[in-house]
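Scroll down for the structure; my scribbles are underneath it.
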Amino acid sequence: MKAITPKYLCASIALACAGTVGAATLEERVEMLEQQAGNQQAAAQAQAGNTQLSFGGFIKADTLVSKYSNGELAGGSIGRDFMVPSTIPVGGEESSEEIDFTAKQSRFWLKSKTQTDVGEIASHIEVDAQTNGMGDERISNSYAVRLRHAYLTWDKWLFGQTWSTFFNVSALPETLDFVGAAGTVFERQQQIRYTHGGLMLAMENPSSTLYGGSANPYDDNAMPDLVARYNFTGDWGNVSLSAMGREIAYQDTIGGVDQDESEYGYAVSLAGKWMLGKDDVRFQANYGNAMGRYTTLNAFRAGQIEADGSIELIDQWSAVLALRHHWNEQWRTNIALSVSEADNPDTVTDTTNKMIQSAHANLIWQVAKPLSLGGEFIYADREIESGDDGDLKRLQFTAKYAF
């Protein structure tokens, strides 16, 4: 992470514009320009106020060698870039193998902090090129940037897009795969959040995913998703208990009849990270009848639209258990196991996802503080209601430079 003070920023901009050369080091050139800038620099500092900027991110280059037991995953599918359980082929007669190279997970973020009469106001904006369909491999592998985070904080309040309050990010295993354990809670969205000590309360953007309709997702909710979470923290690590209540709603034409239906469901999550010296154990246990898109990368939907237009919510559970072990200062290993299952109604189709399982094991070499190299073996299995299943076996090699 690089901190940028207004003084340093002004001098750097002046250096770029003037094309000054000849000083032995950047520091000497900046000092010279500071002396030359004089009143102009003082004016720029006053205009910048008390705002401090910082930036960071990483370059991540991945090589993925994949084998699917029951079919082929087409090029351009998001499942070729990282493990997306719902894309694992099922029911095919032959296996397939693919190799992919990608740098789309590379990331950049910019933060600011401003001291004001009403306290500190901070912001965070972050982008990468992952999961965006704008681009392909034909000529230049050019991909459009997508928004990950964009939020501001003031006092105890947060406004904008970031990780859902229902998600304890510290419980996510350290995998080379972009998401990792299949059953994890994984959701970023717009929200208004209030935090006081260990208590977090939030109203978050609603969206309903349902089987049996003509659209997915539906954006017909009249109520936000409501989340309450409490965090217990200490030198031993942290544990969080989260509860969510949400409306599952849709407006559509079912059986030739216009329908406007809604049901209210819930979900709970126990998650955390337990420290074992330098090592740690990470865990999640999630359950509810309205988890839907919040877990397993939307492999399961929140409900089924029945023939009469009513909504039947779907009970779902998932669990994650992971161990991180440091062999020494430079080498570490992560092992993560996960399972996720839905108790689907009898009326769903035979191709509806029933169970997802995954396992990850990696070895990471911290070559230097900013540079890491690693290899990971991934296994995942997808089972559908008909009883058919398919699995993914993948080797992933990663080079990552964090700045």
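For this structure, a couple of remarks:
- For a paramagnetic label modelled on Thr347 (point 7 Å from Cα along Cα→Cβ), amide N atoms under 13 Å away belong, within the range 197-237, to 211-213.
- Just checking the listed ones, Leu371, Leu226, Leu323: in the Gaussian network model of the chain with Cα springs under 10 Å, the one fluctuating most is Leu371.
- Each residue of the range 124-133 was assigned a 3J(HN,Hα) from its phi angle through the Karplus expression (A = 6.51, B = -1.76, C = 1.60, θ = phi - 60°), giving 8, 10, 8, 9, 8, 10, 7, 6, 9, x Hz with x at Gly and Pro.
- Cβ crowding within 10 Å averaged over residues, with 62-72, 117-127 ranked highest first: 62-72, 117-127
- Within-14-Å neighbourhood charge of Asp315 [Cβ basis; K, R +1; D, E -1]: -3
- Positive dipole terminus of the chain, leading residue within Gly212, Leu73, Ile364 (C-beta point charges): Ile364
- Distance-filtered residues of the range 183-211 - backbone nitrogen under 16 Å, label point 7 angstrom along Asp279 Cα→Cβ: none
- Rounded to the nearest 20, the size of the Cβ-charge dipole of the chain about its Cα centre is 2240 debye, with Lys and Arg at +1 and Asp and Glu at -1.
- For the pair Ser170 and Ala402, label points projected 7 Å from Cα toward Cβ lie 1.6 nm apart.
- The residues neighbouring His326, those whose beta-carbon lies less than 12 Å from its own, together hold a net charge of -1 under the Lys/Arg +1, Asp/Glu -1 convention.
- Only DSSP H runs of four or more residues enter the estimate; each adds -39500 (n - 2.57), and after division by the residues of the chain the mean residue ellipticity at 222 nm equals -2500 deg cm²/dmol.
- With 0.36 nm allotted per residue and the present C-alpha distance subtracted, the Tyr266-Glu137 stretch has 42.3 nm of extension available.
- Val367 sits among other residues whose Cβ lies under 13 Å from its own Cβ, and their net charge, with Lys and Arg +1 and Asp and Glu -1, is +2.
- Gyration tensor verdict on the range 333-399 (Cα atoms; rounded if a/c is under 1.5, prolate if a/b is larger than b/c, oblate otherwise): prolate
- Reach of Lys393 by Cα under 22 Å, taken over lysines that are not fewer than 8 positions away in the same chain: Lys60, Lys67, Lys104, Lys354
- Among Ala249, Ala368, Ala61: highest mean-square fluctuation, GNM of the chain, C-alpha pairs under 10 Å: Ala368
- Accessible area per residue for the chain is 49 Å², calculated with a 1.4 Å probe on protein heavy atoms, without ligands, DNA or RNA.
- Cβ-based charge dipole, the range 266-320, positive-most Cα from Ala267, Gln304, Gly277: Gly277
- Between Ala103 and Thr116, the distance separating the two model label sites (each 7 Å from Cα on the Cα→Cβ line) works out to 3.9 nm.
The values are calculated or read from the model by the stated rules, or taken from the named source; none is laboratory data. The shown structure was predicted, so the numbers you read here are calculated from the model rather than taken from an experiment. No Cβ is skipped: glycine too gets one built from the backbone with ideal geometry, and neighbour counts run over all protein chains shown. To get the accessible areas, we keep the full protein, side chains included, count just its heavy atoms, and leave off ligands, DNA and RNA. Shrake-Rupley method; radii C 1.70, N 1.55, O 1.52, S 1.80 Å.
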